[in-house]
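Notes follow the structure.
The values are calculated or read from the model by the stated rules, or taken from the named source; none is laboratory data. None of these values were measured; they are calculated from a predicted model. Neighbour counts run over all protein chains shown; Cβ positions are idealised from the backbone, glycine included. For the accessible areas, the whole protein counts, side chains as well, though only heavy atoms, and no ligand, DNA or RNA atoms are used. Shrake-Rupley method; radii C 1.70, N 1.55, O 1.52, S 1.80 Å.
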Amino acid sequence: MFVGVGASRVRDLFKKAKDNAPCIILIDEIDAGGRQRGAGIGGGNDEREQTLNQLLTEMDGFEGNTGIIIIAATNRPDVLDSALLRPGRFDRQVTVDTPDIKGRLEILEVHARNKKLDQSVSLEAIARRTPGFSGADLANLLNEAAILTARRRKEAITLLEIDDAVDRVVAGMEGTPLVDSKSKRLIAYHEVGHALIGTLLKDHDPVQKVTLIPRGQAQGLTWFMPNEEQGLITRSQLKARITGALGGRAAEDIIFGAAEVTTGAGNDLQQVTGMARQMVTRFGMSELGPLSLESQQGEVFLGRDWTTRSEYSESIAARIDTQVRTIVEECYDLAKNIMKQNRSLTDRLVDLLIEKETIDGNEFRQIVAEYTVVPDKTQFVPQL
Ligand code: ZN
């Protein structure tokens, strides 16, 4: 009954724009209508294709300067129909990345306008703490902080609410603290494992805090301060990250024994495997040499690359697996060594963590500095 409505709306839209020229047409989420034609598995979408065809026709119909500018936005430029990107249609592509520190500060200033901030709150400090946040994340962050402030019956948003809101946006809702038990001790060792290795490896991001207060799915958390906007990551940084992520399991293993290791490391291991695999297949950082063996994943579903095939033979696949294992095993050995060599330091940190629930990065580093034993591997120089 309604077939053709989309196309006729597009026609009307352009007619209106021409009547009102000079004029800007803004199409948000253009991938909804502008997906690659004929890529739909199990039959195309006729209505959508007609709409897209109409749009293409209208965009071609410009004679000289009609005073209309078309801007479209999408998160998925990879799935757009190639005809849309041809010269004469969308000529310019502007990539809007997540904002840098200056961008974040300006976005925060906009969202802070209608909120009451305490004098102690510096938007610049928030901007510095939130690399990788998008504009929407930052808006959400300030909203969460405002909600917390109201719930705590305070007059204005203080640093405390901001901190809690950042944690909440990144890791989920805060749970109730665990009661003292064997499993709390185990979680404490797990987190101290992450934090200690993160602190001892020169190439690891510094610890921001370690906490035993559960949040989201996690029973305990170690927060690291990512270096501001680092675009390129070196091989030793990747290895340090893998070793750090294995620190939790390594601590469980060394302290409680192989039979007592827990499912708590599941998420860590997923990250570890992903990073190691990318080192081998995408970044050419293994004995297989500088080869790109897999394209970036995640564009398979109905995108242009719906015919994705692996770009290597089965014998290479086996060698990839071996290389991934080698990297992970090497890092795990290092992690276990560090835990073995710092047993008394680990015990002291765990006691303190159980007592205080949260240790902040500076205090953590101070205690580590009093004890440190150098790990016996040459490629990793300890920080302290
Ligand atoms: Zn962990």
Answer yes if at least one residue in the stretch 116-128 is open to solvent by 50 Å² or more (accessible area, probe 1.4 Å) and touching a residue at least 60 places away in the same chain (Cβ under 8 Å), and no otherwise. yes
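Please go through the stretch 250-262 and give me each residue that is within 13 Å of the ligand (Cβ to nearest atom) and in contact with a Leu (Cβ under 7 Å, 6 or more places away or on another chain), ordered by number.
Correct list: Glu252, Thr262.
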So Asp180, is it open to solvent by 20 Å² or more (accessible area, probe 1.4 Å), under 26 Å from Met339 (Cα atoms), of a type in the set (D, E, K, R) and touching a strand residue (DSSP E or B) at 6+ places or on another chain (Cβ under 8 Å): no
Inspect the stretch 195-210 for any residue being within 13 Å of the ligand (Cβ to nearest atom), at pLDDT 90 or above and of a type in the set (Ser, Thr, Tyr) and give the result as yes or no. no
Return the pairs, sorted by first residue and then second, in which the second residue is modelled with pLDDT under 90 and more than 9 Å from the ligand (Cβ to nearest atom), the first residue lies in the stretch 265-281 and is under 17 Å from Ala335 (Cβ atoms), the beta carbons are less than 8 Å apart, and the residues are 6+ apart or on different chains. Asn267/Gln217
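Out of the stretch 233-249, which residues are assigned to a helix (DSSP H, G or I) and either surrounded by fewer than 20 Cβ atoms within 10 Å (Cβ to Cβ) or more than 10 Å from the ligand (Cβ to nearest atom) (or both)?
Here is the first cut: in the stretch 233-249, the ones assigned to a helix (DSSP H, G or I) are 235-249.
The answer is Arg235, Ser236, Gln237, Leu238, Lys239, Ala240, Arg241, Ile242, Thr243.
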Give the number of residues within the stretch 135-159 that are modelled with pLDDT of 90 or more and either under 17 Å from Ile101 (Cα atoms) or open to solvent by 40 Å² or more (accessible area, probe 1.4 Å) (or both). 16
Hey, could you check the stretch 263-280 for residues that are polar (S, T, N, Q) and near the ligand (Cβ under 10 Å from one of its atoms) and say which is farthest from Pro206 (Cα to Cα)? Asn267
Name, by its number, the condition in (1) open to solvent by less than 60 Å² (accessible area, probe 1.4 Å); (2) within 28 Å of Leu334 (Cα to Cα); (3) within 16 Å of the ligand (Cβ to nearest atom) that does not hold for Gln217. (1)
